[in-house]
Amino acid sequence: MDSKAFWEILKSRGITFVAGVPDSTFGDAYNYMVDDPEITYVPAVREDVALGIASAAYFSGGLGGVMMQNSGIGNIVNPLTSFSLMYKIPVLLIVGWRGFGGPPNDAPEHWIMGVKTPEILDLLGVPSVVMEPESLESDLDRLLAKIKQDSVPGALLVRSGMIS
Amino acid sequence: MIDRYIAIQAIMQRVESNDLVLSTTGMISREVFVTHDRPANFYMIGSMGLLSSFGLGLALQSPGKRVFVLEGDGSALMSLGAMPLIATERPNNLVHIILDNEAYESTGSQPSISSKVDLAEIGKSCGYAYVARVEDMEGLEGVLEDARTTISGPRLILVKVGIAPIKDIPRVSHAPTEIRDRFKARVQSAS
């Protein structure tokens, strides 16, 4: 899927306020987003900082986005449990899934989190879907419905090579 | 040196009805709650260190409202990276107040490193549009008066306060979702 198509789908669902930390998974989609005047992007210094910033969108009646790498899930465990899930403040996590499938895929630092990513999100009670380009719209709508219904954060997991 | 509780009372007296006030986990939220509970207060009862990031997001999302961030030295030090981010995003409606007692008072007053590091100097280096360090009530009243005028970017106010726990101070009694809902209504309200 090309970057423009990816962002048009997200923007049409109201994702226009995004904070994050870059990941190579997103490739050109990062540059496309930063250049898109319809998206406000805050280049956060850490994933927890990005979560705090993006969550503000909920209070204006919107839904914020957090772009991050799955290694950053470790940095948002406490904000998820004692902020997002406790106050029930939804946000969409757009997570680059490094180390998908475990060794020998990707670099060693991604092996463990690559395997554990869905389990950690499940354990925390954060719903997630894995991006498949052909069904992104319906999968995303299902995730967004769950986010809205339960008023919780949700994660779109994006594997390497899905967006060009 | 000012007692923090007295500093919080002075700040809350200066807050206007349309202003959003965010307070960090621990004693600061309890003291804001006891001093002046209002729907436009967001008590961050957990997530130490997250407050300034949330405040930045709100300031960017609600440019028509002043956003007061009230945190401690421990909270500011935990997310020090948020300070240069606030300074570079430059919201002119953000008033970042650090109530610095050089200790983790809520957990038993263990010392923090802010006795050896000047958080106001860090704020200057980050590029806040206005940085003040105050150590007495006169100084605090002066900078709060200054904060009524709009300048080109965020303000950082470092208030050196003493360790003076209020005995049996209650916890914030509102449920988290109640804090959220009444705050959300105030964010969306025009006045």
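The values are calculated or read from the model by the stated rules, or taken from the named source; none is laboratory data. Values in this document were obtained by computation on a predicted structure and should not be read as measured data. Because the Cβ atoms are built from the backbone with ideal geometry, glycine has one as well, and the counts that use them run over all protein chains shown.
Okay, here's what the table says:
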{"item": "Region A:44-63: number of residues that are under 17 Å from B:Gly55 (Cβ atoms) and either facing another protein chain (nearest Cβ under 7 Å) or surrounded by fewer than 17 Cβ atoms within 10 Å (Cβ to Cβ) (or both)", "result": "13"}
{"item": "Residues satisfying the stated conditions in region A:27-43, i.e. more than 14 Å from chain B (Cβ to nearest Cβ) and hydroxyl-bearing (Ser, Thr, Tyr)", "result": "A:Tyr30, A:Tyr32"}
{"item": "Condition met for B:Ile6 (aliphatic (A, V, I, L, M), buried (at least 24 other Cβ atoms within 10 Å of the Cβ) and farther than 25 Å from A:Ser60 by Cβ)", "result": "no"}
{"item": "Scope region B:26-45; condition within 12 Å of chain A (Cβ to nearest Cβ) and either modelled with pLDDT under 95 or not in a loop (DSSP other than H, G, I, E, B) (or both); matching residues", "result": "B:Phe42, B:Tyr43"}
{"item": "Options B:Pro170, B:Pro154, B:Pro165: the member that is touching a residue at least 60 places away in the same chain (Cβ under 8 Å) and touching a Pro at 6+ places or on another chain (Cβ under 6 Å)", "result": "B:Pro154"}
{"item": "Residues of region A:116-139 that turn out to be over 22 Å from A:Pro79 (Cα atoms) and either in contact with a strand residue (DSSP E or B) (Cβ under 8 Å, 6 or more places away or on another chain) or not polar (S, T, N, Q) (or both), as a count", "result": "8"}
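Conditions tested, residue by residue: (1) surrounded by 13 or more Cβ atoms within 10 Å (Cβ to Cβ); (2) under 18 Å from B:Phe33 (Cβ atoms); (3) within 14 Å of chain A (Cβ to nearest Cβ).
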position	(1), (2), (3)
B:Ser114	yes, no, no
B:Val131	yes, no, no
B:Glu141	yes, no, no
B:Asp146	yes, no, no
B:Ile166	yes, yes, no
B:Ser173	no, yes, no
B:Ala190	no, no, yes
